[in-house]
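Heads up, the thing below is written out as structure tokens.
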Amino acid sequence: MLSVRPKVAELVFNLYGRALHPELFEIHTTRTVQRGDYEATISITSAGHVVTWRYHGITLTEVATAAHHPLPVRRRIMNYRLNGDRTEQMECRGGATYGMTFSLEPVDPRMFYLFQQELCHDSKRRGMLHRFDSSGRMALGALSYINVEHRNKQLTIQAFHTFPDDYAIVKTQSTFQVP
């Protein structure tokens, strides 16, 4: 099956106050983390990523995907086009907090290739990586790389998604913290 990314201009960033069915996504790789009182499932999808975090009856699901991807509206907390830079933070009941930052960075072709090489190198030591097929326009396929750092009271997810056709890199960082 061909695994190609959507255009970078089609991307959105959503946060839900509930879990979403995994069948809604084309998942390429998944990792589950259990630490302290929380659990998280992190997945690289065809358009970006999905993170589902659970703590004492609270469930937050972060989704970076294509705007045309059919997702529910019920209990959606955040919905942003993935362009430019954005930072948000919110407090959940029970004192848990969620914070995110994302940026869309257009880069010159040379820097783009160097960045992709660096992601591939880092993925050999840690993190999750998925290589996408070329779209046909460029010989180089896109990459998704996710680094997961977990402590007893905090989970930090750093995600990098590359878009060779646009020479663009989407960078996100999310922090889930328990009191």
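The values are calculated or read from the model by the stated rules, or taken from the named source; none is laboratory data. Keep in mind the model is a prediction, meaning the values are calculated, not measured. Cβ sites come from the backbone with ideal geometry, for glycine too, and all protein chains shown count toward neighbours.
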When only residues in the stretch 99-153 that are touching a residue at least 40 places away in the same chain (Cβ under 8 Å) and among the polar types (S, T, N, Q) count, which is nearest to PRO179 (Cα to Cα)? ASN152
From the list THR61, THR65, THR87, exactly one residue is within 15 Å of the chain's Cα centre (by Cα) and over 19 Å from PHE160 (Cβ atoms). Which is it? THR61
Whichever residue in the stretch 116-131 is basic (Lys, Arg) and more than 17 Å from the chain's Cα centre (by Cα) and, among such residues, is surrounded by the most Cβ atoms within 10 Å (Cβ to Cβ): LYS124
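Could you count how many residues in the stretch 33-48 are more than 30 Å from PRO6 (Cα to Cα) and hydrophobic (A, V, I, L, M, F, W, C)? Please lay out each step first, then the result.
Within the stretch 33-48, the first condition is being more than 30 Å from PRO6 (Cα to Cα), and the residues that meet it are 34-38.
Next cut, hydrophobic (A, V, I, L, M, F, W, C) only: none.
Residues that pass the stated criteria total 0.
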Hey, can you tell me all the residues within the stretch 154-179 that are without any contact (Cβ under 8 Å) to a residue 24 or more places away in the chain and either within 17 Å of VAL63 (Cβ to Cβ) or surrounded by 21 or more Cβ atoms within 10 Å (Cβ to Cβ) (or both)? GLN158
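Is there a residue being among the basic types (Lys, Arg), assigned to a strand (DSSP E or B), free of Cβ contacts under 8 Å to residues at least 40 places away in the same chain and surrounded by 14 or more Cβ atoms within 10 Å (Cβ to Cβ) anywhere in the stretch 86-98?
No, there is no match, as no residue in the stretch 86-98 is among the basic types (Lys, Arg), assigned to a strand (DSSP E or B), free of Cβ contacts under 8 Å to residues at least 40 places away in the same chain and surrounded by 14 or more Cβ atoms within 10 Å (Cβ to Cβ).
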Looking at the stretch 1-27, which of the residues that are touching a helix residue (DSSP H, G or I) at 6+ places or on another chain (Cβ under 8 Å) and exposed (fewer than 15 other Cβ atoms within 10 Å of the Cβ) is modelled with the lowest pLDDT? LYS7
Quick one: which strands (runs of 3 or more DSSP E) lie wholly within the stretch 114-179 and hold at least 1 residues that are of a type in the set (Asp, Glu)? 143-150
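Whether any residue in the stretch 28-36 is farther than 20 Å from ASN147 by Cβ, over 13 Å from the mean Cα position of the chain (by Cα) and modelled with pLDDT of 95 or more is what I want to check.
Going residue by residue through the stretch 28-36, those that are farther than 20 Å from ASN147 by Cβ are none.
No, there is no match, as no residue in the stretch 28-36 is farther than 20 Å from ASN147 by Cβ, over 13 Å from the mean Cα position of the chain (by Cα) and modelled with pLDDT of 95 or more.
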